[in-house]
Amino acid sequence: MGRQRIIGLTGGIATGKSTVSQYLQSQHSIPVLDADHYARQAVELGSPILGAIAHRYGPTILQPEGSLNRARLGEIVFNDTAEKRWLEQQIHPFVRQQFTEAMAALTELPIVVQSIPLLFEANLTDQVSEIWVVACSETQQQQRLMARNRLTADQAQARIRSQMPLAEKIAQADVVLDNSADLNALFQQVDWALQQAP
């Protein structure tokens, strides 16, 4: 058996990463490990990381029942780079550890996908063997984000700007999946990329 392909799937906010993840799972039966899922686990009720967040920002960062008020935290970190960095320093090591544990159980599989929105920002490129970036135009990105998260144009713009520019991610990609047309076109690119020998 050849070397295991570990595909790092990334892109910008609202470019279509989850659409590609779902397709890889449903049509190709490839397991997808999701960094967002692990990041949510990191701040679950009663977790030490949630405790640290509450200690830093005070009780208003929590919902009445004690869980994280994501909207409130988002307002803080999307507008303050230093706070965003602090939060990432809490969460990224936990996420990396979850990937390590999950991968240990998947060593026999030829292909595993790691869906990591912050693949570059969190310095997780060392844990994948190839990088796929899902891309679309910034206008499409903004429109999709506004529709999906019910944001104003300014709010959507702030979230896009808070991320590493998509062009920089594309420059470091092994595969670029262009999601500016329809889903059929996107899925054809996925099929093609899977067939390429790494």
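Scanning the stretch 59-73 for residues that are touching a residue at least 12 places away in the same chain (Cβ under 8 Å) and in a helix (DSSP H, G or I) gives THR60, ILE61, ARG72, LEU73. Scanning the stretch 169-198 for residues that are surrounded by 12 or more Cβ atoms within 10 Å (Cβ to Cβ), more than 21 Å from SER29 (Cα to Cα) and not aliphatic (A, V, I, L, M) gives LYS169, GLN172, ASP174, ASP178, ASN179, SER180.
With a cut-off of at least 3 residues that are out of contact with any His (no Cβ under 8 Å at 6 or more places or on another chain) and closer than 30 Å to ASN184 by Cα, name the helices (runs of 4 or more DSSP H) lying wholly within the stretch 1-58. Before the answer, list the steps.
Numbers: elements: 17-28, 35-42, 48-57.
Where helices (runs of 4 or more DSSP H) fall fully within the stretch 1-58 and carry at least 3 residues being out of contact with any His (no Cβ under 8 Å at 6 or more places or on another chain) and closer than 30 Å to ASN184 by Cα, they are 17-28, 35-42.
Applying the condition of being within 20 Å of ASP178 (Cβ to Cβ) and at pLDDT 95 or above to the stretch 18-31 and asking which residue is surrounded by the most Cβ atoms within 10 Å (Cβ to Cβ) yields VAL20.
In this entry, VAL95 is excluded by the filter for residues that are closer than 25 Å to GLN41 by Cβ and either outside the structural domain of ILE76 (by TED's automatic domain parsing) or in contact with a strand residue (DSSP E or B) (Cβ under 7 Å, 6 or more places away or on another chain) (or both).
Here is the figure for the stretch 52-66: residues that are touching a helix residue (DSSP H, G or I) at 6+ places or on another chain (Cβ under 8 Å), at pLDDT 95 or above and not aromatic (Phe, Trp, Tyr) total 6. The set of residues in the stretch 137-176 that are in contact with a helix residue (DSSP H, G or I) (Cβ under 8 Å, 6 or more places away or on another chain), outside any helix (DSSP H, G or I) and at pLDDT below 95 comprises LEU151, THR152, SER162.
The residue of the stretch 177-190 that is nearest to ILE7 (Cα to Cα), among those that are part of a helix (DSSP H, G or I) and in contact (Cβ under 8 Å) with a residue 24 or more places away in the chain, is VAL190. Within the stretch 47-59, is even one residue loosely packed, with under 13 Cβ neighbours inside 10 Å and in the same structural domain as LEU186 (by TED's automatic domain parsing)? Looking through the stretch 47-59, none of the residues is loosely packed, with under 13 Cβ neighbours inside 10 Å and in the same structural domain as LEU186 (by TED's automatic domain parsing).
The values are calculated or read from the model by the stated rules, or taken from the named source; none is laboratory data. These numbers come from a predicted model, not from an experiment. Note that each Cβ is placed from the backbone with ideal geometry, even for glycine, and that neighbours are counted across all protein chains shown.
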